[in-house]
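What follows is a set of notes on a single structure, which appears directly below.
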Amino acid sequence: MARDISTVGVVGLGTMGAGIAEVLARSGLDVVTVELDEAGVARGRGHLEHSTERALSGGKLDAPGRSALLDRIRYGTSLSDLSEVDFVIEAIPESFELKADVFAELDKITRPEVVFASNTSSLSITEIGVHTARPGKVVGMHFFNPAPVLKLVEIVKTVVTEPDVVAEVVEFAERLGKVPVVIGDRAGFIANALLFGYLNHAVRMYEQRYATREDLDAAMRFGCGYPMGPLALLDLIGLDTANEILESMYHQSRNRLHAPAPLLKQMITAGLLGRKTGRGFYTYD
Ligand code: CAA
């Protein structure tokens, strides 16, 4: 019988952390979030307000449901705020050192049976897990952007993850209304391993002036029924994040498909990271 999970900690309130907090609160869970400082909390609240506003205008939430959802989320700036939670999801930036420190700290603060999930898309869950005294209770729980809309959650198990923990996390993801898939600890997991070769190829085609950005995107939207074209999707993901994912897959597979396109790196150096900086392949207000 799975443990009762009623309060969940979310570390990091960027796009993904805020989206995950929304999903949890929407399922009736109490959520305790932790950011680095008050500015981070304000940014996270902003994401939540904006996203739930879209849910409201799209008829996915009513006004009382929206305020009940937002009321279930608490905000803090110290990991010690997570001492009483039943489950933790970490969604901080993709730095191994930062994540290892957070997990080591969480290990001291939370009850020993609490499961830790990382939303990492490019780091090894095995390596993160060994920074705790409970590597058998550390998994990946990889959500997709926008987390409140997309149903997939990849559950990443390592060679030491306890089978009961995998079963618990699968059940938990289903309780959130998500579709879980289980995968071993390999760079790219399932979806990114398939998706990013395609995205990278689109950047190369654009770089070689094969077609305009609009035509590249239109081809995949109207020819293949994808909701967004590859360059618009890269802007949504963030070019820096996409580059990290490609680097990590290339490092593991040495498949040239995953060697980041030179243009991607140049755009990152120039600060064109996509929607989050107002400019990537396209320009945003
Ligand atoms: N809660 C619930 N539903 C919400 C919502 C919220 N907070 N916000 C929006 N919605 C709903 C809307 O009501 C709408 O529903 P209908 O289709 O039933 O009308 C739907 O979500 C779409 O929302 P919008 O109309 O506001 O936006 P859109 O039509 O422009 O779609 C999109 C935007 C959802 C991003 C869509 O284009 C899409 O799915 N794109 C592909 C995204 C994708 O591939 N993401 C994966 C990236 S890879 C990744 O994330 C992994 C990684 O490691 C980087």
#### Entry: Every pair of residues 6+ apart whose Cβ atoms lie under 7 Å, when the first sits in the range 105-122 and is within 16 Å of the ligand (Cβ to nearest atom) while the second is assigned to a helix (DSSP H, G or I) and not β-branched (Val, Ile, Thr)
SER118/LYS99; ASN119/MET16; THR120/LYS99; SER121/ASN192; SER122/GLU244; SER122/SER248
### Query
In the set LEU199, LEU194, LEU150, which member is surrounded by fewer than 17 Cβ atoms within 10 Å (Cβ to Cβ), assigned to a helix (DSSP H, G or I) and within 12 Å of the ligand (Cβ to nearest atom)?
LEU194
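Check whether at least one residue in the range 256-264 is basic (Lys, Arg), away from the ligand (no atom under 16 Å from the Cβ) and either in contact with a Leu (Cβ under 9 Å, 6 or more places away or on another chain) or closer than 21 Å to PHE96 by Cα (or both), and report yes or no. Steps first, answer last, please.
At the first step, the residues of the range 256-264 found to be basic (Lys, Arg) are 256.
Filter again for away from the ligand (no atom under 16 Å from the Cβ), leaving 256.
Those left that are additionally either in contact with a Leu (Cβ under 9 Å, 6 or more places away or on another chain) or closer than 21 Å to PHE96 by Cα (or both): none.
Taking every residue of the range 256-264 in turn, none turns out to be basic (Lys, Arg), away from the ligand (no atom under 16 Å from the Cβ) and either in contact with a Leu (Cβ under 9 Å, 6 or more places away or on another chain) or closer than 21 Å to PHE96 by Cα (or both).
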## Note on the structure
Subset of the range 239-258, residues surrounded by 15 or more Cβ atoms within 10 Å (Cβ to Cβ) and free of Cβ contacts under 8 Å to residues at least 40 places away in the same chain, comes to ASP240, ASN243, TYR250
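Which residue is surrounded by the fewest Cβ atoms within 10 Å (Cβ to Cβ), if the candidates are limited to the range 26-66 and must be within 11 Å of the ligand (Cβ to nearest atom) and aliphatic (A, V, I, L, M)? It would help to see each step written out before you state the result.
Our first condition is that a residue be within 11 Å of the ligand (Cβ to nearest atom); within the range 26-66, this holds for 26, 47-61, 65-66.
Within this subset, residues satisfying the condition of being aliphatic (A, V, I, L, M) are 48, 55-56, 61.
Details: LEU48: 24, ALA55: 18, LEU56: 14, LEU61: 20.
Here the answer is LEU56.
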### Query
Can you find a residue in the range 42-65 that is polar (S, T, N, Q), in the same structural domain as PHE116 (by TED's automatic domain parsing) and more than 19 Å from LYS178 (Cβ to Cβ)?
yes
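If you scan the range 202-240, which residues turn out to be among the acidic types (Asp, Glu) and within 10 Å of the ligand (Cβ to nearest atom)?
Of everything in the range 202-240, nothing turns out to be among the acidic types (Asp, Glu) and within 10 Å of the ligand (Cβ to nearest atom).
Please find, among THR120, THR132, the residue that is of a type outside the set (Asp, Glu) and surrounded by fewer than 22 Cβ atoms within 10 Å (Cβ to Cβ). Let's see the steps before the verdict.
On the way: THR120 fails: surrounded by fewer than 22 Cβ atoms within 10 Å (Cβ to Cβ).
Going through THR120, THR132 in turn, the sole match is THR132.
Report those strands (runs of 3 or more DSSP E) wholly inside the range 57-131 carrying at least 3 residues which are more than 18 Å from the chain's Cα centre (by Cα). Let's see the steps before the verdict.
On the way: elements: 73-76, 87-90, 115-118.
Counting at least 3 such residues, we get 73-76.
Return the residues of the range 229-259 that are outside any helix (DSSP H, G or I), out of contact with any Asp or Glu (no Cβ under 6 Å at 6 or more places or on another chain) and either closer than 19 Å to GLN208 by Cα or in the same structural domain as GLU94 (by TED's automatic domain parsing) (or both); say none if nothing qualifies. Give the derivation first.
Taking the range 229-259 and keeping what is outside any helix (DSSP H, G or I), we get 229, 238, 254-255, 259.
Narrowing the set further to residues that are out of contact with any Asp or Glu (no Cβ under 6 Å at 6 or more places or on another chain) leaves 238, 254-255, 259.
Selection gives ALA259 alone.
The values are calculated or read from the model by the stated rules, or taken from the named source; none is laboratory data. If you're wondering where the values come from, they're calculated on a predicted model, not measured in any experiment. A quick note on method: Cβ atoms are made from the backbone with ideal geometry, for glycine too, and the neighbour counts reach across all protein chains shown.
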